[in-house]
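*Asks:* Attaching a single structure in structure tokens format; questions to follow.
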Amino acid sequence: MITVSVSDRAGASAAYHVRPGERLLHAGLAAGIGLPYECATGTCGSCKATVLEGSVRTLWDEAPGRRVCRRPGEFLMCQATGANQALALAIPTAFREARAPAVQARRGVASAFHPLTGEIGCFSVVCDEPVDHLPGQFMLLSAPGVEGGRAYSMTGHAPGTRRLDFLVRLKPGGALSPALFADRLAEHEVELFGPLGRAVLREEDDRPFLAIAGGSGLAGVLSIVEAALARGLFARSPSRLVFGLRRMAGSYMLDRLSDAVRRSGAGLRLTVAFSDEEADAGFRANYPDLGFAHGLAHEVARQELMPPGGEVPICFIAGPPAMVDAAMRMLVVEARVSPTEIRYDRFG
Ligand code: FES
């Protein structure tokens, strides 16, 4: 075991142990320490730290998130492990509040894969033991023969369930999603680490939300909608969801979304935004509970923001990085929504 002590920019400190080869971020989160992170997969750079004493071993030299590591001693905690008996680190932000449920490694067995379109599909993992997670969280999934974990959001929210359902987007040239689409993981044991992510519907949230989703980002938003339905939140807090798709032919999950709108008793208004075409009359007739618009999801969402003087919604953004960036710009720069009202996890 290697002892790690971490200090934050406010002078607070915490200590934990990491096993040889274990990722410094994973060990810290599993110890209940509020280390900063977003993607946990080496792309965002949020988990940057500086080595003060000892040394670390980098696990992925080409991690895109390393672009933020410009000074000597800076590295990504999600892509490094300890190399000495004792390690002292500094993080450039304050520790975050560590929230339940507990973060830990688990094992499970993957189901068969079900493609929904040529690019999107779903599968499940039945875990060894029940898993609690907050609506909107994700897991890192690792499979034999694939280096590192991939972040996939859960589509449902059933506290204490052993079965987790995931939505996956095919990444051509990737390692794990092509294996899933080829159904090579069915009945195989996989490892999960989590739950992770802060773009969640919290227990105390009791006001309207506006969610903007695209691609496999719909998964976390579905989980939030599921939890809101279970709490009866839509009866008190009418909310909006804008789901971005390119064309009618690539649609998925619209039956499930229609069902959610019906169950919300008109408390959830859901608009499907097609970026490349207008929905035709026949297509609209198949989904009478959904609204349709022509445009990018963030542009359509601009019209769904509450009017001036209305209650400020919680804003959730989940989707490809370009969509997340455009939605952030729209909300913060154009609509002047406070960043504290926006919840997103940048991964994918
Ligand atoms: Fe480590 Fe994103 S790069 S959390």
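The values are calculated or read from the model by the stated rules, or taken from the named source; none is laboratory data. Everything numeric in this text was worked out from a predicted model, so none of it was measured. Ideal geometry is used to build each Cβ from the backbone, glycine not excepted, and the neighbour counts take in all protein chains shown.
*Asks:* Please go through region 64-112 and pick out each residue that is assigned to a loop (DSSP other than H, G, I, E, B), within 16 Å of the ligand (Cβ to nearest atom) and closer than 30 Å to residue 178 by Cα.
*Replies:* Passing the criteria: only 103.
*Asks:* Residue 218 is checked against (1) part of a loop (DSSP other than H, G, I, E, B); (2) buried (at least 19 other Cβ atoms within 10 Å of the Cβ) and fails just one. What number does that condition carry?
*Replies:* (1)
*Asks:* Also: Anything in region 332-348 that is of a type in the set (A, V, I, L, M) and either in contact with a His (Cβ under 8 Å, 6 or more places away or on another chain) or without any contact (Cβ under 8 Å) to a residue 12 or more places away in the chain (or both)? List them, or say none.
*Replies:* 332, 333
*Asks:* In the list 210, 192, which residue meets the criterion of being assigned to a strand (DSSP E or B) and more than 22 Å from residue 161 (Cβ to Cβ)? It would help to see each step written out before you state the result.
*Replies:* Numbers: 192 fails: more than 22 Å from residue 161 (Cβ to Cβ).
On inspection, the qualifying residue turns out to be 210.
*Asks:* In region 253-282, how many are of a type outside the set (A, V, I, L, M), under 18 Å from residue 230 (Cα atoms), more than 21 Å from the chain's Cα centre (by Cα) and not in a loop (DSSP other than H, G, I, E, B)? Steps first, please.
*Replies:* If we filter region 253-282 for residues that are of a type outside the set (A, V, I, L, M), which is where we start, we get 255-256, 258-259, 262-265, 267, 269, 271, 274-278, 280, 282.
This time we only want the ones that are under 18 Å from residue 230 (Cα atoms), so: 256, 258-259, 262-265, 267, 269.
Retained after the next criterion (residues that are more than 21 Å from the chain's Cα centre (by Cα)): 258-259, 262-265, 267, 269.
Okay, now just the ones that are also not in a loop (DSSP other than H, G, I, E, B), so 258-259, 262-263, 269.
Here the count works out to 5.
*Asks:* Could you list, in sequence order, the residues of region 66-94 that are within 22 Å of residue 14 (Cβ to Cβ), out of contact with any Phe, Trp or Tyr (no Cβ under 8 Å at 6 or more places or on another chain) and not hydrophobic (A, V, I, L, M, F, W, C)?
*Replies:* Within region 66-94, 73, 74, 81, 82, 84, 85, 92, 93 meet the criteria.
*Asks:* Return the residue satisfying two criteria in turn: it lies in region 221-247 and is outside any loop (DSSP other than H, G, I, E, B), out of contact with any strand residue (DSSP E or B) (no Cβ under 9 Å at 6 or more places or on another chain) and small (Gly, Ala, Ser), and of such residues it is surrounded by the most Cβ atoms within 10 Å (Cβ to Cβ).
*Replies:* Of everything passing the filter in region 221-247, 227 is surrounded by the most Cβ atoms within 10 Å (Cβ to Cβ).
*Asks:* Still on this model: From the list 319, 265, 295, which one is among the small types (Gly, Ala, Ser), more than 22 Å from residue 343 (Cβ to Cβ) and surrounded by 14 or more Cβ atoms within 10 Å (Cβ to Cβ)?
*Replies:* 295
*Asks:* Just name the residue that is farthest from the chain's Cα centre (by Cα) out of those in region 146-155 that are in a loop (DSSP other than H, G, I, E, B) and crowded, with 18+ Cβ neighbours inside 10 Å.
*Replies:* Step one: filter region 146-155 for residues in a loop (DSSP other than H, G, I, E, B), giving 146-149, 155.
Filter once more, keeping what is crowded, with 18+ Cβ neighbours inside 10 Å: 149, 155.
On the way: 149: 14, 155: 11 Å.
The residue in question is 149.
*Asks:* Select from region 35-61 the residues that are of a type in the set (A, V, I, L, M) and buried (at least 17 other Cβ atoms within 10 Å of the Cβ) and write down the one among them that is nearest to the ligand (Cβ to nearest atom). Walk me through how you get there before you give the answer.
*Replies:* At the first step, the residues of region 35-61 found to be of a type in the set (A, V, I, L, M) are 35, 40, 49, 51-52, 56, 59.
From what is left, the residues that are buried (at least 17 other Cβ atoms within 10 Å of the Cβ) are 35, 40, 49, 51, 56, 59.
Values: 35: 9, 40: 5, 49: 10, 51: 16, 56: 13, 59: 11 Å.
So the residue we want is 40.
*Asks:* Which residue out of 337, 324, 333 is loosely packed, with under 15 Cβ neighbours inside 10 Å and modelled with pLDDT under 95?
*Replies:* Values: 337 fails: loosely packed, with under 15 Cβ neighbours inside 10 Å; 324 fails: loosely packed, with under 15 Cβ neighbours inside 10 Å.
Testing whether each residue is loosely packed, with under 15 Cβ neighbours inside 10 Å and modelled with pLDDT under 95 leaves just 333.
*Asks:* Just to be sure I understand the filter: pairs with C-beta atoms under 6 Å, separated by 6 or more residues or on different chains, first member in region 214-231 and under 14 Å from residue 344 (Cα atoms), second member of a type in the set (Phe, Trp, Tyr) and buried (at least 24 other Cβ atoms within 10 Å of the Cβ). Which pairs pass?
*Replies:* none
*Asks:* Report every pair of residues separated by at least 6 positions or lying on different chains whose Cβ atoms are under 9 Å apart, first residue within region 48-75 and closer than 17 Å to residue 2 by Cα and free of Cβ contacts under 8 Å to residues at least 12 places away in the same chain, second within 12 Å of the ligand (Cβ to nearest atom) and part of a helix (DSSP H, G or I).
*Replies:* As it stands, the answer is none, since no pair meets every condition given.
*Asks:* Got a number for residues in region 37-59 being part of a loop (DSSP other than H, G, I, E, B) and in contact with a strand residue (DSSP E or B) (Cβ under 8 Å, 6 or more places away or on another chain)?
*Replies:* Looking only at that region, the number is 10.
*Asks:* Give the number of residues within region 128-143 that are crowded, with 18+ Cβ neighbours inside 10 Å and farther than 15 Å from residue 221 by Cα.
*Replies:* Qualifying residue count, region 128-143: 4.
*Asks:* Name, by its number, the condition in (1) out of contact with any helix residue (DSSP H, G or I) (no Cβ under 9 Å at 6 or more places or on another chain); (2) closer than 22 Å to residue 62 by Cα that does not hold for residue 146.
*Replies:* It is condition (1) that residue 146 fails.
*Asks:* When you check residue 32 against the structure, is it under 20 Å from the mean Cα position of the chain (by Cα) and either surrounded by 13 or more Cβ atoms within 10 Å (Cβ to Cβ) or of a type outside the set (A, V, I, L, M) (or both), yes or no?
*Replies:* Values: under 20 Å from the mean Cα position of the chain (by Cα): yes; either surrounded by 13 or more Cβ atoms within 10 Å (Cβ to Cβ) or of a type outside the set (A, V, I, L, M) (or both): yes.
For residue 32, the condition - under 20 Å from the mean Cα position of the chain (by Cα) and either surrounded by 13 or more Cβ atoms within 10 Å (Cβ to Cβ) or of a type outside the set (A, V, I, L, M) (or both) - is met.
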